[in-house]
Each structure stands twice: as structure tokens, then as C-alpha cells.
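> First the structure, then my questions, so here it is.
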């Protein structure tokens, strides 16, 4: 995860972008909890980006134009 964030930045990384393949390893909650330590050193803004903000921005989710 650290390498991915270093290469691409938090604004281009998305938790769950491998859905539903990640379910082969563990249920959603366990996958999320496995990610949390990797995000611990990031700013609140970077954590928010990885956990949903990047997806909202890139896929224009919830935007009314």
C-alpha cells in the first residue's frame, strides 16, 4: 500500500477498487481493517481520498450538474 501511495498518490488510490475479488481473501470488514494500519500515517484528507473521496471525484458520484 505504501508503494502504491508513493507511486500514484492518495488522490489516485481507491479502497475497494478490486471489489469483489478481495472477498476471496476475507469479508469486507476484515479487508477494511487490514488497510487501516497502512493509512494510519496519512493525513485525514489522504485517508478520506483513499476511502472514498477519489472514487467520488473520479467517477463523479453524487454530483448534480
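> Using Cα pairs under 8 angstrom and six or more residues apart, how large is the relative contact order of region 6-55, in percent?
Rounded, it is 64 percent for region 6-55.
> Return the distance in nm (one decimal) between the two label points of a simple spin-label model at residue 56 and residue 24, each offset 7 Å from Cα along Cα→Cβ.
Between residue 56 and residue 24, the label points sit 3.1 nm apart.
> Computed on alpha carbon atoms, what radius of gyration and Dmax characterise region 2-59, expressed in Å?
In order Rg, Dmax, the Cα atoms of region 2-59 give 11.2, 30 Å.
Laboratory data are not the source of any read-out in this text; all were calculated from the coordinates shown. Keep in mind it's a predicted model, so treat the numbers as computed, not measured. When we count neighbours, we look across all protein chains shown, and the Cβ atoms used for this are built from the backbone with ideal geometry, even at glycine.
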